[in-house]
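Down below is the structure, laid out as structure tokens.
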Amino acid sequence: MKQPYSIGLDIGTNSVGWAVINEDFRLHRYKHQNMWGAHLFDEAQKAATRRSFRSSRRRLARRKRRITLLQRIFDNEMQKVDPHFYLRLSESMLHVGDKSSTLELDANILFADRSFTDKSYREKYPTIYHLRSDLFHNSKKQDIRLVYLALHHIIKYRGNFWSRAE
């Protein structure tokens, strides 16, 4: 014979408690055991940590897409001037032994020309901001690699103009 019963739940942040009672508010028994219990969970983690990882991953993916788009825009003209420029740029942080075999292994990382080397680039433009300023203020035709480097910097580190309400 089935008897009517009620289920009581106590749902907390770290646990769930339960009990089965009959109409007389006594614990219901099943197979000689009282029907009540609790399940404890690990303490909840704040979402801020996961959110920061997720937002960083998305931000870096968007940055990579912007750089890839810039390379596609410059690709035809860059191939005429320096076909291995993008490869040298992407491998510029690697040790000499880890670089691709298609590159000429010399002291120059960015520029493979004999007339314009990395040393002359650094002397003329100590920082990327000097290059950007020169491109902005100088109206004569510039090397496409210099234009690419300046735009690459602007697109990669485009800044964030959101301000917190204070």
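Given +1 on the Cβ of Lys and Arg, -1 on the Cβ of Asp and Glu, and no further charges, what dipole in debye does the chain carry about its Cα centre, rounded to the nearest 20?
Its charge dipole is roughly 440 debye.
At 25 °C and 0.890 mPa s, grab the translational diffusion coefficient of the range 11-73 from Stokes-Einstein with a Kirkwood Rh over Cα pairs, rounded to a whole number in µm² per second.
In µm²/s, the coefficient rounds to 147.
Give me the dipole magnitude in Debye, nearest 20, for the range 59-156 about the Cα centre, with unit charges on the beta carbon: positive for Lys and Arg, negative for Asp and Glu.
In debye, rounded to 20, the range 59-156 gives about 640.
Using every pair of alpha-carbon atoms in the chain, split the distances into 5 Å bins beginning at 0 and state the percent of pairs per bin, rounded to integers.
Histogramming the chain at 5 Å steps yields 1, 6, 10, 11, 12, 9, 6, 5, 4, 4, 4, 4, 4, 4, 4, 4, 4, 2, 1, 0 percent.
Working from Cα positions, state the angle (0 to 90°, nearest 10) between the long axis of helix 144-156 and the longest principal axis of the chain.
20
Listing 2, 141 from the residue with the fewest other Cβ atoms within 10 Å to the one with the most, what is the order?
2, 141
Can you give the net charge of the other residues whose Cβ lies under 15 Å from the Cβ of residue 34, counting K and R as +1 and D and E as -1?
Charge balance near residue 34 sits at +2.
Using 0.36 nm times the number of residues separating residue 23 and residue 73, minus their current alpha carbon distance, what extension gain do you get?
Using 0.36 nm per residue and subtracting the Cα-Cα distance, I get 10.3 nm.
Rounded to the nearest 10 degrees, what's the angle between the helix 128-137 long axis and the longest principal axis of the chain, both from Cα atoms, 0 to 90?
Helix 128-137 sits roughly 60 degrees off the main axis of the chain.
May I ask you to compute the full-extension gain from residue 91 to residue 51, defined as 0.36 nm times their residue separation minus their alpha-carbon distance, rounded to one decimal in nm?
This chain segment gains 11.3 nm when fully extended.
Choose one of 85, 36, 11: the residue whose Cα lies farthest towards the positive end of the charge dipole of the range 1-92 (beta-carbon charges +1 Lys, Arg; -1 Asp, Glu; about the Cα centre).
85
Using Cα atoms only, what is the angle between the long axis of helix 47-81 and the major principal axis of the chain, expressed in degrees (0 to 90) to the nearest 10?
Between the helix axis and the principal axis of the chain, the angle is about 30 degrees.
Return the Rg/Rh value of the range 59-156, two decimal places, where both radii are evaluated on C-alpha atoms and Rh is the Kirkwood radius.
0.95
Roughly how big is the range 38-99's charge dipole about its Cα centre, with Cβ charges of +1 (Lys, Arg) and -1 (Asp, Glu), in debye to the nearest 20?
Rounded to the nearest 20 debye, it is 440 debye.
Read-outs: derived from the displayed coordinates by stated rules, not from any lab. In this text, all values refer to a predicted model and were calculated from it rather than measured experimentally. Glycine also receives a Cβ, built like all others from the backbone with ideal geometry; neighbour counts cover every protein chain displayed.
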